[in-house]
Amino acid sequence: MQPTLRRLLARVWLPFVLLIPVLVATKISRAADSTAIQIVPGPRSMSAEEKALGPDPSQGSQHGIILVDETIRDESAGADSNVFRHVRAKIFSNEARTLGDVEIPFNRTRGVLKKWWGTTLLPDGTLLEVKQSDLKEQELARSGGNRVVVLKASLPGLAPGCIIDYGYYLEERGIYESTRVDIQRETPVKEFRYRWAPYNGQTASFRLTHNEGLRITTTRDRRSLLLTGKEVPAVLDEPYMPPEKESHASAVFYYRTSGEEPDEFWKLTAKRLSRDVEAFIKEKPIAQALAGMNLPADANLKTRLRAAYDWASTHIKNTTQRTSEQAEADADDKAGKSVQRRTVVELMNTREGTSRELAYLFYGLSRALGAEASLVLATDRANHYFDPGYLSVRQFDWMLIGVKGPGEPDDKLVYVDLGSGLPFGEIPWWFTGSRAFLATPDGYRLVTLYPADPKQNLLETKVKTSFNLAEGTARTSWTSDGSGQQGLAERWRLRGMNPEERGKELERYCGASGDFEISRAEAPRLQELTASYHLECDGVLMNTNLTPDLGRYTWDFTGPWVEGSPRFTAPTRSQNVIFPFPRVDKVIIDVRSPEGFSPVGVPPVPPVDSPFGRYALLVETTREGYHVERLFAMAALVVPPKDYDALRRFFSAVAQADSTPLEFRRQAAP
């Protein structure tokens, strides 16, 4: 490795901002009068005010505006839910035609659509309608025998200047434990109303988030709660922004089994979790398991914990993280058998368990080795963050284990995810960078899950390219090897696919397109959960613009083997910029000169240095052609809007360096 590259790697780590949600408590005023509202179809003609409405980019309504968005969810009977909904909007441009794509959540086995209307009012007064019989059922997803189904309709005649108006009445059996409602959209909302009449046989709760500075109010009476919004601005869709649940004003309506205050609720949650894990682990089988691991007797606690973790990772199968082939084989082997592990005894006998059971196992092993161990509940920050004001464990996505020496402070905690395939002390990136819930028998604490050092997340790619002058093509083969978080999400995704789906996805990873024909796309280590990311690709670019009559030829060294720089084209930014994880990408490219050509050479490319990351590009001519080394280090996890302009300049400089051409010149005839 060149000295410049070594220096770059040695100083890659920089501070980062954590993803801690900003939540504003909303005062709920009690009103003596009723919160009842009535939902009916909107007028079948445009009012003078509606006709006068036009696009206003300063308000985010350059494409359209939602005039009314109102819903009633009546669950007061406890046995069923009655949902009434009405939306009216005006379209200013073709980009807003998606407002007329209606989706009604629908489950035929538990619900009945009692009423529907859908109309388009054209500027000339023409009225177009969609009948209920025109609604089409569409399956969005299927998992474990469950189907996610919607009724879909596209309102007709959508064009700038028209008004759309639709609504429905849906009756469903039972009530939902929780319902999340978006108040903000990518289109501004002039008037928003949502009335919830909960079942009084349970403790009904309500949480409003990300509503700071907005004209959103809540009113409740003895029977229901009414949430209203006036002139709710649009949320601009920006690249690398926080997840929708953390960038839009929204509300969650949910039920609890009891009515404790927040601190008491989380204390009771921690005690329940501690009881569950204590019931699962048993002292004798844990001791027997440790005896069979042959741990180093004289090693320190962390070394022994790491050794126990490594042993369990290789000797006990995680049934939650099986490949599709493994899941199919297990289903055949266990057909007609019920597998239920109530204690660690069953887990050790079968040598397999779910992710949560493996977490319980390592909790027990750590305690037996003398460590302080805690259960840690985490959320997938790509979807949402942990909100302590939302009193429900349903918001958590995963269980981790935190371990440390006896009496050590929390900053010594090491977080592990046994069964993830990651080494001891590393956890999936989507759980890091935000807060988590740590449970102990005595209570709970909120802790921060920090991401790994960028140098632990190294992706090294080696590329070879050669040309066929007669055919005007270029063959490129490459391999990519990732450590830590590099390729982890891709590995998990690929493992869950069937072989046919996996093959298509691998071709996509390798850059398959109309011009680039893939001959090999493989990830041979997928069956091993603890293996690192490894990708092998081979393909031919069919159109290189290389012809025998050229005197000079240039080649772009980037391709699917180089992750392109984010394109931040907007001059300003309103949301934080959020990246998956700090990382280092190293790409080594050897390009063989086309027959009869020789490399011209490239002037030195200055490195790019910034608070967010660093970049270096070394290009050397060789006897065969060009040797290129590209090193990109991203240290930032979150960049606030105030630093957006500097971030844009950084990535612009990286993109400019990546556009450095490799030039070849035809050799003089001997």
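The values are calculated or read from the model by the stated rules, or taken from the named source; none is laboratory data. Nothing here was measured: the structure is a model prediction, and the numbers come from that model. Cβ placement follows ideal geometry from the backbone for every residue including glycine, while neighbour counts extend to all protein chains displayed. Quick note on the areas: whole protein, heavy atoms, side chains included, nothing else; ligands and nucleic acids left out. Shrake-Rupley method; radii C 1.70, N 1.55, O 1.52, S 1.80 Å.
What do you reckon, how do K136, K190, K282 stack up by accessible area (1.4 Å probe), largest on top? Numbers along the way, then the final one.
On the way: K136 125, K190 55, K282 85 Å².
Ranked list, largest accessible area first: K136, K282, K190.
Can you compute 3J(HN,Hα) from phi for each residue in segment 433-440, using the Karplus curve 6.51 cos²θ - 1.76 cosθ + 1.60 with θ = phi - 60°, rounded to whole Hz and x for Gly and Pro?
Per-residue couplings from phi come out as x, 8, 7, 9, 9, 9, 10, 10 Hz.
Which aspartates and glutamates, on any chain, are close to K642 with Cα under 17 Å apart, when same-chain ones fewer than 8 places away are left out?
Partners within reach: E238.
Excluding ligands and nucleic acids, what accessible area in Å² is computed for T219 using a 1.4 Å probe, to the nearest 10?
Solvent-accessible area, nearest 10 Å²: 40 Å².
Please report the net charge: other residues with Cβ closer than 10 Å to the Cβ of S250, K and R +1, D and E -1. Please report the intermediate quantities before stating the final value.
Numbers: positive: R180, R207, K245; negative: D182, E244, E246.
My count for the surroundings of S250 gives 0.
What residues qualify as long-range amide H neighbours of E426, i.e. H under 5 Å apart, gap of 5 or more or another chain, H built at 1.01 Å from N?
D417
Rg (Å, one decimal) plus Dmax (Å, integer) for the alpha carbons of segment 230-349?
Both quantities, over Cα of segment 230-349: 22.8, 68 Å.
HN-Hα J couplings of segment 34-43 from phi, Karplus 6.51/-1.76/1.60, θ = phi - 60°, integer Hz, Gly and Pro as x?
Listing the rounded values in order: 6, 8, 5, 10, 10, 10, 9, x, x, x Hz.
Pop out the ³J(HN,Hα) list for segment 549-559 in order, Karplus 6.51 cos²θ - 1.76 cosθ + 1.60 with θ = phi - 60°, rounded to Hz; leave Gly and Pro as x.
Those phi angles translate into 8, 6, x, 9, 9, 10, 9, 8, 6, 7, x Hz.
Can you give the Kirkwood hydrodynamic radius of segment 401-533 from its Cα pairs, in Å with one decimal?
On the way: mean 1/r = 0.0558 Å⁻¹.
Across segment 401-533, the inverse of the average 1/r is 17.9 Å.
Take every Cα pair under 8 Å in segment 195-302 that's 6+ residues apart, average their separations, divide by the length, and report that relative contact order as a whole percent.
Values: 76 pairs, mean separation 32.1, N = 108.
The normalised contact order for segment 195-302 reaches 30 percent.
Pull the list of the chain cysteines that no other Cys approaches to under 4.7 Å, Cβ to Cβ.
Unpaired cysteines in the chain: C162.
With respect to the cross-link table entries K404/K455; K282/K455; K317/K586, which display a Cα-Cα separation exceeding 28 Å?
Details: K404/K455 24 Å; K282/K455 39 Å; K317/K586 33 Å.
Where the Cα-Cα span goes over 28 Å, the pairs concerned are K282/K455; K317/K586.
From Cα pairs below 8 angstrom and at least 6 apart in sequence, can you work out the relative contact order of the chain, rounded to a whole percent?
Details: 1407 pairs, mean separation 81.1, N = 670.
Relative contact order, the chain: 12 percent.
To the nearest 10 Å², what's R666's accessible area with a 1.4 Å probe?
Here the accessible area works out near 90 Å².
Using only DSSP helix segments of four residues or longer, with each worth -39500 (n - 2.57), what per-residue ellipticity at 222 nm results for the chain after dividing by its residue count and rounding to 500? It would help to have the intermediate numbers written out before the result.
On the way: 12 runs with 125 residues, N = 670.
Only helices count here, giving -5500 deg cm²/dmol.
Using amide H atoms built 1.01 Å from N in the peptide plane, name the residues 5+ places from T473, or on other chains, whose amide H lies under 5 Å from its own.
HN-HN under 5 Å from T473: N468.
If contacts are Cα pairs under 8 angstrom and at least 6 residues apart, what is the relative contact order of segment 239-398 in percent? List each step's numbers first, then the result.
Numbers: 116 pairs, mean separation 54.5, N = 160.
Taking the mean separation of contacting Cα pairs over the length of segment 239-398, I get 34 percent.
Quick one: Debye curve from the alpha-carbon atoms of segment 304-431 only, equal weights, vacuum; give me log10 I(q)/I(0) at q = 0.10, 0.21 Å⁻¹ to two decimals.
Cα-only, vacuum Debye calculation for segment 304-431: -0.36, -1.29.
Label segment 503-661 by shape, choosing from rounded, prolate and oblate, from the square roots a ≥ b ≥ c of the eigenvalues of the Cα gyration tensor; if a/c is under 1.5 it is rounded, and otherwise prolate applies when a/b is larger than b/c, oblate when it is not.
On the way: a/c = 1.93, a/b = 1.26, b/c = 1.53.
Taking the square roots of the gyration eigenvalues as a ≥ b ≥ c, segment 503-661 is oblate.
In segment 48-87, what trypsin sites (Lys or Arg not before Pro) fall in a loop by DSSP, with at most 12 other Cβ atoms inside 10 Å?
Passing both the DSSP loop test and the Cβ count: no residue.
Given the C-alpha centroids of segment 470-520 and segment 46-119, what is the distance between them in whole angstrom?
Using only Cα atoms to place each centre, the spacing works out to 41 Å.
Can you give me the Cα centroid spacing of segment 353-414 and segment 144-195 in angstrom?
Each part's Cα centre sits 37 Å from the other's.
At 1.4 Å probe size, with the rest of the protein present, what percent of the exposed accessible area of segment 338-394 is carbon and sulfur atoms? The partial results should precede the final answer.
Numbers: 930 of 2050 Å².
That fraction is 45 percent.
If ligands, DNA and RNA are left out, what is the accessible area of H315 with a 1.4 Å probe, given in Å² to the nearest 10?
Its heavy atoms expose roughly 80 Å² to the probe.
Taking 18 Å as the cut-off for C-alpha to C-alpha distance, list the pairs among K115/K190; K90/K245; K131/K152; K114/K190; K114/K136 that go past it.
K115/K190; K90/K245; K114/K190
With every protein chain kept in place and ligands, DNA and RNA left out, what is the accessible area per residue of the chain? Probe 1.4 Å, answer in Å². Working shown, then result.
On the way: 32110 Å² over 670 residues.
Here the residues of the chain average 48 Å² of exposed surface.
Order of 512-521, 244-253 by packing, highest average Cβ count within 10 Å first? Working shown, then result.
Numbers: 512-521: 14.6, 244-253: 20.2.
Most protected by this proxy first, the peptides run 244-253, 512-521.
How big is segment 356-475 along each principal axis, measuring the range of its Cα positions in Å and listing the largest first?
Taking the Cα atoms of segment 356-475, the three principal extents are 75, 35, 26 Å.
Reachable aspartates and glutamates from K302, Cα under 16 Å, same-chain residues fewer than 8 places away excluded?
List returned: D310, E372, E408, D410, D411, D417, E426.
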